[in-house]
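Structure, as structure tokens:
The values are calculated or read from the model by the stated rules, or taken from the named source; none is laboratory data. Owing to the predicted nature of the structure, the values given are computational and were not obtained by experimental measurement. Neighbour counts run over all protein chains shown; Cβ positions are idealised from the backbone, glycine included.
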Amino acid sequence: MSNSLLSVRDLRVSLGSGRKRTRVLHGVDARVDAGEIVGLIGETGSGKTTLARSILGLNKFDSGTVRLAANARSTDSSIDDSGSTDIGSLSPRALRAFRRAGDMQYVFQDPLQSLDPDLTVFASIAEGLQVRATRTFAARGEVGATRQSLRARVENALDLVGLPTSLADRVPGDLSGGQRQRVAIARAMILEPRLLICDEPVSALDATNRIAMLELLSSLRYSRPGIGLLFISHDLGSVAGITDRILVLYRGVVVEEGTTAEILRAPKHPYTQLLVGSAPTLTGGEADRERRRELRVLLAATE
Amino acid sequence: MSSVDQSPTSLSETRVPAPAVSDTAAPLLRVTNLRVSTGTTDLVHGVSLEVHRRGSLGIVGESGSGKSLTCRSILGILPPGLTVADGDISFDGINLTDLSYNDWLPLRGNRIAAVFQDPSSYLNPSISVGKQLVEVLRVKSGLRRRAAYTRAIELFVSMGLRNPEVVFWQYPFELSGGMLQRVLIAIALSGDPDLLIADEATTALDVTVQAEVLDVLSDLKQSRDLALILVSHDLAVVAQVCDSVIVMKDGEIVEAGPTSEVLRDPQHPYTQLLVENHARYGIEKYLDSELVVDLPEAVFADV
């Protein structure tokens, strides 16, 4: 608890308004430690993306807390007595300042939607840094990024994600899907976040690109020691290879949590069992199908 | 037209058996040396494959490997500008490469059916899914209104859709992706086809739903006299359902054989890469106790 980077406690979130307002998260507890890769697995509608958006402070909470441990770079106003930032209690102004500092970054599934198609790769990656340079740095009396140092830092970020610096002046439309996803990661990493949340980072990618992306993401813990990663995915198989720990979210509740090995070898909750049993493997057969059928019946009965 | 439909049955019985993988009878579908061309460049170079009655063939490859073009050639729906430049596609004795629009009518839908990725784009958003299935049944199978409704409900039940009478009156936007895909499979199977082509039919779905749709396909293979071509970029998806597999890369087949053999002893470097990736990043490394390395935890201990 003490050294956890991110801690989410008893988080309840409702979405929609009026009569359509429904509770999406029913008391979620989660944590990500520094240097740890955590997988957040769940089906469509289970609340994974709502949880991620809540962590980023994009949703109002009904109750519960989301805390990010402070560090030297944290803006003073956002830290409370416990030495961490309580995202839910920040004023809109403090939240904006906290966001500009870039401690938490988000990489979306579809980089085409998150990258401005008219901005060059350089401009997309540099933007966050420029925004921070003009506001946060100035507020702390630090020197803003000069044009040359900006160029150098963008090139560093491109290098970090394995892209040639020659791509800096292209626009997203010129790039392949895998390259765009790398740009999105470079854009996030240039702010040196302490927590990186990736929403379905590999779902849209081909087999070979997928592996390259997993290798890149798992390499971040070496190139940026101490960074915490939260991977959101509906597919256990696609992220299990690099996660340390897995949280299984089902209908707005974390139904199971454990190390990747524990979850995969001995899943306890029926949904987790179905999840493990459904991940396509190179072996598979009649017995698996029968087991899945039983589990579906079991889960449907508890609906 | 009817003669086209009739003759093959007698033809296939008198035909000399071809070198077959598992079946001794003549294959239902035989593609020989297929070349798809834009006129100046070839996109598919000399693909040959066979599918037997009740057989299932998986086609694995990345986007751009020519797997979808191969399927579209078999269905006679190549995108504008692309033609079958060379080669032979023989379906139950009928040569599919030189059919007129009218010749296709008794074949497409009735004998060769297909489902694709993104089910919602194949349904009319303003007509209930049941009515859309009824329309197909009335046009293609000549059923009366009442009989078509009864048959539609039967088909929905066989697809494992719960509350078929409710689903019948629902619009596409009211159903989840997995349900829509099952509706589309029901529509595809309404003409009782001999061959079903599923082109990335499960790619956009959640893993648990994907497993459900794959289970439906496996069941159909056994319960009906149905041959299946399953196209996927994921070798493991194919491994769940198919007896034999071909691996495509850059418009060519780089490896072909019974699924179990290809998985156990992949010959081509690309296939080896696909298999190895699964062993390294899939959940296989946790499920097979012999293979456990547990790299992430070991690494984490050092941090």
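Structure summary
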| quantity | calculated |
| --- | --- |
| Pairs with Cβ under 7 Å, 6+ apart, first in the range A:170-188 and outside any helix (DSSP H, G or I), second surrounded by fewer than 21 Cβ atoms within 10 Å (Cβ to Cβ) and of a type in the set (Asp, Glu) | A:VAL171/A:ASP118 |
| Residue tally, condition surrounded by 18 or more Cβ atoms within 10 Å (Cβ to Cβ) and assigned to a loop (DSSP other than H, G, I, E, B), over the range A:57-74 | 5 |
| Residue among B:SER126, B:SER120 that is in a helix (DSSP H, G or I) and of a type in the set (S, T, N, Q) | B:SER120 |
| Matching residues, the range B:158-180, being at pLDDT below 90, in a helix (DSSP H, G or I) and aliphatic (A, V, I, L, M) | B:MET179 |
| Residue in the range B:27-49 that is of a type in the set (Asp, Glu), under 18 Å from B:ASP243 (Cβ atoms) and surrounded by fewer than 24 Cβ atoms within 10 Å (Cβ to Cβ) present | no |
| Boolean, A:GLY57 is farther than 14 Å from A:ILE246 by Cα, touching an Asp or Glu at 6+ places or on another chain (Cβ under 7 Å) and more than 14 Å from chain B (Cβ to nearest Cβ) | no |
| A:ALA52 being modelled with pLDDT of 90 or more and either assigned to a helix (DSSP H, G or I) or within 14 Å of chain B (Cβ to nearest Cβ) (or both) | yes |
| Selection count where residues are more than 8 Å from chain A (Cβ to nearest Cβ), among the charged types (D, E, K, R) and part of a helix (DSSP H, G or I), scope the range B:202-224 | 2 |
| The range B:148-164 residues that are among the small types (Gly, Ala, Ser), paired with ones that are not in a helix (DSSP H, G or I) (beta carbon under 6 Å, 6 or more apart) | none |
| Selection count, the range A:238-251, where residues are surrounded by fewer than 24 Cβ atoms within 10 Å (Cβ to Cβ) and within 18 Å of B:THR208 (Cα to Cα) | 2 |
| The range B:108-128, residues that are in contact (Cβ under 8 Å) with a residue 40 or more places away in the chain, buried (at least 19 other Cβ atoms within 10 Å of the Cβ) and closer than 23 Å to B:PHE91 by Cβ | B:GLY109, B:ILE112, B:ALA113, B:ALA114, B:VAL115, B:PHE116 |
| Any hit, the range A:91-103, residues being surrounded by fewer than 22 Cβ atoms within 10 Å (Cβ to Cβ), in contact with a helix residue (DSSP H, G or I) (Cβ under 7 Å, 6 or more places away or on another chain), assigned to a loop (DSSP other than H, G, I, E, B) and of a type in the set (Lys, Arg) | no |
| So A:VAL202, is it assigned by TED's automatic domain parsing to the domain that holds A:LEU56 and either part of a loop (DSSP other than H, G, I, E, B) or of a type in the set (A, V, I, L, M) (or both) | yes |
| Residue satisfying all of: in the range A:266-275; more than 7 Å from chain B (Cβ to nearest Cβ) and surrounded by 14 or more Cβ atoms within 10 Å (Cβ to Cβ); nearest to the chain's Cα centre (by Cα) among these | A:THR272 |
| From the options B:VAL238, B:VAL183, residue that is touching a Gly at 6+ places or on another chain (Cβ under 9 Å), in contact (Cβ under 8 Å) with a residue 60 or more places away in the chain, part of a helix (DSSP H, G or I) and over 28 Å from B:ILE94 (Cβ atoms) | B:VAL183 |
| Flag if B:LYS221 is farther than 30 Å from A:GLY47 by Cα and either at pLDDT below 90 or hydrophobic (A, V, I, L, M, F, W, C) (or both) | yes |
| Unmet criterion (only one of (1) buried (at least 23 other Cβ atoms within 10 Å of the Cβ); (2) within 10 Å of chain A (Cβ to nearest Cβ); (3) farther than 24 Å from A:SER278 by Cβ) for B:MET248 | (2) |
| Residues located in the range A:1-31, provided they are more than 16 Å from A:LEU195 (Cβ to Cβ) and among the hydroxyl-bearing types (Ser, Thr, Tyr) | A:SER2, A:SER14, A:SER17, A:THR22 |
| Only listed residue being among the hydrophobic types (A, V, I, L, M, F, W, C) and at the interface with another protein chain (Cβ under 7 Å from one of its Cβ atoms), chosen from B:ALA239, B:ALA227, B:ALA256 | B:ALA239 |
| Considering residues of the range B:76-100 that are in a helix (DSSP H, G or I) and modelled with pLDDT under 90 only, the residue nearest to B:ARG30 (Cα to Cα) | B:THR97 |
| Answer residue from the range A:204-255, given it is on the phi > 0 side of the Ramachandran plot and more than 9 Å from chain B (Cβ to nearest Cβ) and is nearest to the chain's Cα centre (by Cα) among those | A:GLY252 |
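To keep it simple, each residue is scored yes or no on (1) at the interface with chain B (Cβ under 10 Å from one of its Cβ atoms); (2) over 30 Å from B:ASP265 (Cα atoms); (3) not hydrophobic (A, V, I, L, M, F, W, C).
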| site | (1), (2), (3) |
| --- | --- |
| A:LEU264 | yes, no, no |
| A:THR281 | yes, no, yes |
| A:ARG289 | yes, no, yes |
| A:ARG296 | yes, yes, yes |
| A:LEU299 | yes, yes, no |
